[in-house]
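Working notes for the structure below.
Read-outs: derived from the displayed coordinates by stated rules, not from any lab. Quick caveat: nothing in here was measured; it's all calculated off a predicted structure. Please note: Cβ atoms are built from the backbone with ideal geometry, for glycine as well, and neighbour counts cover all protein chains shown.
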Amino acid sequence: MRVLVVENMAKTELGQVGTALREVKAQIEIHRAYLGETVPATPEGYDALVVLGGEQSALDDAAYPYLPDLAALMRAFGDSGRSVLGICLGSQLLARAYGGENLLGAAREFGWCEIQVRAEGAEDPVLSSVGRSFPIFQWHGDTFTLPEGAVHLAENAVTTHQAFRIGRAAYGTQFHFEADTHLVEDWNRAFADTINRLDPTWLARYREHAARHGREADAAGLTLARAWVATIGRREGAAANADPVLEEMDG
């Protein structure tokens, strides 16, 4: 199993998605697009695609000219039946790829928030794994409209489109289910100034927040990660001769 991962910002990591991929001995090929590393033009040779978050908007083509091509690549993976996962910015790019409208600054959330799984999500192979509601980490200001044909899987009071699926297994999640408490704590250290502008009380009260929500959110995130990884199916001719060991490669 060979998985292409695209990073859009420093300090973004696979977190619990990486844990789930390592459990099945996936090969992980990381491309740091924000540093100018070339992203493959087609899905050939890969079984799945993960696109992580970032500080830019999904429409920030002037500063990040690779974004249109990345959105097109996400659609190519999805249209081919391969598994796709877009997290935060990645979900916004997946919506863009399939004709959704990106809504900048329209839905601001930060910290652990409750997510409600819709009836459609309760029937979905990934979202059904976590019950009808769960806490998970959020950090976003933008949102999007659902593309035509998308299945609306999860929501909350602030952001209507928290999770959706297109086709067999192209998933977008506005929330950061990859971010367990260890990754959140790394972000606390790396982005302290930005966090203080978002919520001046967050760092001082972090231990309180983590004690209330961290364990349940970590469990939900790993469950979702494992459920998404389970959607990855080997396609004929794709990585058929790959050595089934973990391999993290810079792009």
Q) Taking 0.36 nm per intervening residue step and subtracting the Cα-Cα distance, what contour gain separates Ala230 from Glu185 on full extension? A) 13.4 nm
Q) Which of the trypsin sites (Lys or Arg not before Pro) found in region 47-146 are in a DSSP loop and have at most 14 neighbouring Cβ atoms, other than their own, within 10 Å? A) Arg108, Arg132
Q: Calculate one ³J(HN,Hα) per residue across region 35-42 by plugging θ = phi - 60° into the Karplus curve 6.51 cos²θ - 1.76 cosθ + 1.60, and present them in order as whole Hz with x for glycine and proline.
A: 9, x, 5, 5, 9, x, 8, 9
(Q) If you restrict to DSSP beta bridges whose two residues both lie in the chain, what percentage is antiparallel, to the nearest 5? (A) 50
Q: Could you calculate the contour length gain from Asp69 to Arg207, that is, 0.36 nm times the residue separation minus the distance between their Cα atoms, to one decimal place in nm?
A: 45.6 nm
Q) Exposure proxy check: Trp112, Trp228, Trp187, Trp202 ranked by fewest other beta carbons within 10 Å? A) Trp202, Trp187, Trp112, Trp228
Q. In Å, the Kirkwood hydrodynamic radius of region 20-98 over pairs of distinct alpha carbons?
A. 13.0
Q: Would you mind checking the radius of gyration and Dmax of the chain based on alpha-carbon positions, in Å?
A: 16.9, 52
Q | Sites Glu120 and Glu216, calculated FRET efficiency, Cβ-Cβ separation with R0 30 Å, nearest 0.05 | A | 0.85
Q.
Which one, His213, His161, His182, has the greatest fluctuation when you compute a Gaussian network model over the chain with C-alpha springs under 10 angstrom?
A. His182
(Q) Using Cα springs under 10 Å in a Gaussian network model of the chain, which residue among Phe191, Phe164, Phe177 shows the largest mean-square fluctuation? (A) Phe191
Q | Stretch gain in nm, segment Lys25-Asp79, where the contour uses 0.36 nm per residue and the Cα spacing is subtracted | A | 16.9 nm
Q: Find out how many positive minus negative residues lie around Gln56, taking Lys and Arg as positive, Asp and Glu as negative, among other residues whose Cβ is under 15 Å from that of Gln56.
A: -3
Q: Mind pulling the angle between the C-alpha long axis of helix 206-229 and the longest principal axis of the chain? Nearest 10 degrees, somewhere in 0 to 90.
A: 20
Q. Based on Cβ point charges of +1 for Lys and Arg and -1 for Asp and Glu, what charge dipole magnitude is obtained for the chain about its Cα centre, in debye rounded to the nearest 20?
A. 460
Q: Return the calculated 222 nm mean residue ellipticity for the chain, to the nearest 500 deg cm²/dmol, obtained by summing -39500 (n - 2.57) across DSSP H runs with n ≥ 4 and dividing by the residue count.
A: -9000 deg cm²/dmol
**Q.** Given charges at Cβ of Lys, Arg, Asp, Glu: the chain dipole, positive-most of Gly45, Ala26, Phe177
**A.** Phe177
Q. Who wins for biggest fluctuation among Ser83, Ser133, Ser57 in a Gaussian network model of the chain, springs between alpha carbons below 10 Å?
A. Ser133
